[in-house]
Amino acid sequence: MVKISNIKVYENIADNKIIDLVIKKYKINSNDILNWHIVKKSIDARKKDDVHYNYSINLELKNENKYKKFEKVSKKILPNIEINNLDKKIPLIIGSGPSGLFAALTMVQNGLKPTVIEQGDAIEKRQEVVNNFRNKGMLNPLSNVQFGEGGAGTFSDGKLTTGIHSPFCNKVLQEFVNFGAPESTLYLAKPHIGTDNLINIIKNIREYIISKGGKFLFNTKAIDFNINDNKIKSVICNNNGNIFEIPATHVVLAIGHSARDTFFKLYEKGILMEKKNFSVGVRIEHLQDSINKAQYGTSTKLKLPPAEYKLAYHSKTGRSCYTFCMCPGGVVIASSSDENTIVTNGMSNYLRDGKNANSAILVNVTPDDFKGDSPLLGIQFQKDLENKAFVLGGSNYYAPIQRVEDFIKNKKSEFIGKVKPSYLPGVTLSNLQEILPRFVSNTLIEGINYFDTKLKGFSDPDSILTGVETRSSSPVRILRNNENLNSNILGLYPCGEGARICRWNNVSCC
Ligand SMILES: Cc1cc2nc3c(=O)[nH]c(=O)nc-3n(C[C@H](O)[C@H](O)[C@H](O)COP(=O)(O)OP(=O)(O)OC[C@H]3O[C@@H](n4cnc5c(N)ncnc54)[C@H](O)[C@@H]3O)c2cc1C
């Protein structure tokens, strides 16, 4: 197989027709082509007068000797995950977010029949409860944007970018395609799935796991852990008030970073954890058109997808400010999981065709920002901020918002300008500086001003800030042994965001 890289494309051509252009440009005899596929497609908009698509493709050719000028490559083989040393007992997985679902998928692919317990609803019902919160401000603390089948990222942009270089990344992308994501997920430089697609994909993964003998118990919360002789023996569960015990010697703890009561229970039971750095801030919304103009310029004739950005700033104070989880053409979504709190995040559908672009702008918080030894202090820090945002918003799940110009001037906003906030169930004009720690406000202002020098219009006076964004990463890490993947309790395997071990996109790349 050979690879042709750096194929610049200045016309609007469908991906499946790119081969015609390649045949012409590189003088390939079409009869020699046995097979071909796109390996990478990205947009190069570094020079506004030279915006183009950039493709790399792999070709299997007859008479390969004729094409010596092309780089030879070998077929990519997806890594196999083999599960050894697990006895025949049924493994138990707590949590059906990406880490729990992929653990279950891998187990059934290896002939095991796991049980997955999830405190929230199955995806079909979960859509309803999320809509109830967005439209009527009715929060279900067990099933919401953070909790339920598919986990925290189900109502998201479904960005599948990461800074890690692991062969398993390709396996994850391939599984998404197997279960319904578009083929382009495999080759786009920055693939994303969108909430609308994710919902069906998650359902397909669940149905496959069940067809292979796996089991799902929704609305079932792990409330206690029986540990004997430093080994996990069973998990106590609560299903709508019905308390029962599941004996289990292999338990995957895929609880995410927001199940605060479960963290407290695990700490009480002696599971080792430590506090860690995290970030807090606000969501910013711009008109998507302004971002497109800033990123692509105005001269290109190409039909380009809604533009993205990713920016970072390092203050002389030692703090950093960065944009995170940018959602082109998306909405700011109410992501509370505790009563009397406001939490923001972002979501888009596959087409990303909404009017606004949004992203988090965050400032780093370190364990030195709160005194004390408990590893759970960061959770309290987040929660205090979320409670203050709730009160500032009017104590009715309306989020506090502010125009960027007013935020910089430290004065309450009195009107909304050309950027209309997308947050539901509603918003309240506020002064976010009243609730943010001083170091966060100051670093945000420095960051916003600096970002405007990189992305024209970032500090547009009418851009909208919505508070508060607190759950970009876990303030706690459950410790695990890197060799056997156990926590300090044998048979209890922390994974995913709660253990802060793996993440679909990490701070340095989203
Ligand atoms: C709105 C939003 C948008 C996001 N957008 C993106 C994005 O575009 N790209 C990206 O890579 N990341 C995104 N993220 C982050 C991403 O969702 C998380 O990194 C990811 O979901 C972590 O996966 P996880 O399986 O470790 O945990 P989670 O997804 O948090 O799943 C944990 C699950 O465990 C359940 N659980 C917890 N405790 C218990 C218990 N005691 N008993 C039973 N069940 C329990 C929870 O209900 C939950 O469903 C987004 C997050 C949000 C909230």
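The values are calculated or read from the model by the stated rules, or taken from the named source; none is laboratory data. All values derive from a computational prediction rather than experimental measurement. All Cβ positions, even for glycine, are placed from backbone atoms using ideal geometry, and neighbour counts span all protein chains on display. Surface areas here come from the heavy atoms of the whole protein model, side chains and all, with no ligands, DNA or RNA. Shrake-Rupley method; radii C 1.70, N 1.55, O 1.52, S 1.80 Å.
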Unit-weight point scatterers at every alpha-carbon of segment 160-262, Debye formula, q = 0.21, 0.25 1/Å: log10 I(q)/I(0) is -1.14, -1.30
Diffusion coefficient in µm²/s returned for segment 323-403 by Stokes-Einstein, Kirkwood Rh over C-alpha pairs, 20 °C and 1.002 mPa s, is 149
With every protein chain kept in place and a 1.4 Å probe, the residues I164, I255 fall, from largest accessible area down, as I164, I255
Heavy-atom accessible area of E11, protein chains in place, probe 1.4 angstrom, given in Å² to nearest 10, is 110
With DSSP loop assignment and no more than 11 other C-beta atoms within 10 Å, the chymotrypsin sites (Phe, Trp or Tyr not before Pro) in segment 369-476 are F415
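Hey, could you grab the Kirkwood Rh for the chain? Inverse mean 1/r over distinct alpha carbon pairs, Å, one decimal.
Values: mean 1/r = 0.0410 Å⁻¹.
Kirkwood hydrodynamic radius for the chain: 24.4 Å.
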Counting only residues 5 or more apart in sequence or on a different chain, those whose built amide H sits under 5 Å from that of S279 are V365, S472, S473
Computed over segment 1-138, the distribution of all Cα-Cα distances in 10 Å bins, rounded to whole %, is 9, 24, 15, 19, 23, 9, 1
The percentage of the accessible area of the chain (probe 1.4 Å, all protein chains present) made up of carbon and sulfur atoms, to the nearest whole number, is 50
Taking Rh as the Kirkwood radius computed over alpha-carbon pairs of segment 278-469 and applying Stokes-Einstein at 4 °C with viscosity 1.567 mPa s, one gets a diffusion coefficient in µm² s⁻¹ of 77
Magnitude of the Cβ-charge dipole (Lys and Arg +1, Asp and Glu -1) of segment 212-302 about the Cα centre, nearest 20 debye, reported as 260
For segment 12-82 (alpha-carbon point model, no solvent) the Debye-based log₁₀ I(q)/I(0) at q = 0.19 Å⁻¹ works out to -0.89
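Solvent-accessible area per residue for segment 2-72 at a 1.4 Å probe radius, Å²?
Ligands and nucleic acids excluded, the result is 62 Å² per residue.
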The whole-number value in µm²/s of the Stokes-Einstein translational diffusion coefficient for segment 392-464, with Rh from the Kirkwood sum over alpha carbon pairs at 20 °C and 1.002 mPa s, is 169
